[in-house]
Amino acid sequence: MPSPCNSGSTYGPYARRHNPFACYADDASSCHDIPYPGSAGLIATLNSTSSPDSVWITPNLNNDMLSGSVQQGDAWLKANLAPVLVSAWFTGGNATVIVSMDENVQQSTPGGGQVPLIVISSDARGGGAVAIHGNHYGTLRSIEEAYGLALLAGAQSAGNGHVVKYFD
């Protein structure tokens, strides 16, 4: 993202379509989007006393493992996930990090193909690997329920999966 709350569709490797919050701001004054040039600013925020309840990070097209290579995406994830997992935000409370891939271009069914979803909780009780069926709507359902929000669209269907019930 070239600047905070940028409304352009693309800018270099930034693609607005991967930033859902840029599409649904009620008005410009409610926007909290900031560019993510690296983890230093984010980690400072996560280590502060005013860290947010929720953070959404999307890699740019160079690092998303679809437009860029798997090796580029892997290097980006290694560089950016580790500092989050040792931040005060993650280690000091009930925090959850969800890493999900967007789509699988090698496999068209089920809708968009099977993709990995990794849930890392600071409050986990050793559930280990759990093989479950779900999709992005099921992940959305889990997030909405965690915040006490109404379920939107496909998140209303339990058939789309429910990540939280496996980790409660």
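Overview of results
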| quantity | calculated |
| --- | --- |
| Tail weight of P(r) past 17 Å, computed on alpha-carbon pairs of the range 1-92, percent | 55 percent |
| Gain in span if fully extended, Ser48 to Met101, counting 0.36 nm per residue against the direct Cα distance | 16.2 nm |
| In nm, spacing of pseudo-spin labels at Arg17 and Leu85 (7 Å Cα→C-beta vector) | 3.1 nm |
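None of the figures in this text is laboratory data; all of them are computed from the coordinates on show. These numbers were taken from a predicted model, which means no experiment stands behind them. Counting neighbours? That spans all protein chains shown, and the Cβs are built from the backbone with ideal geometry, glycine included.
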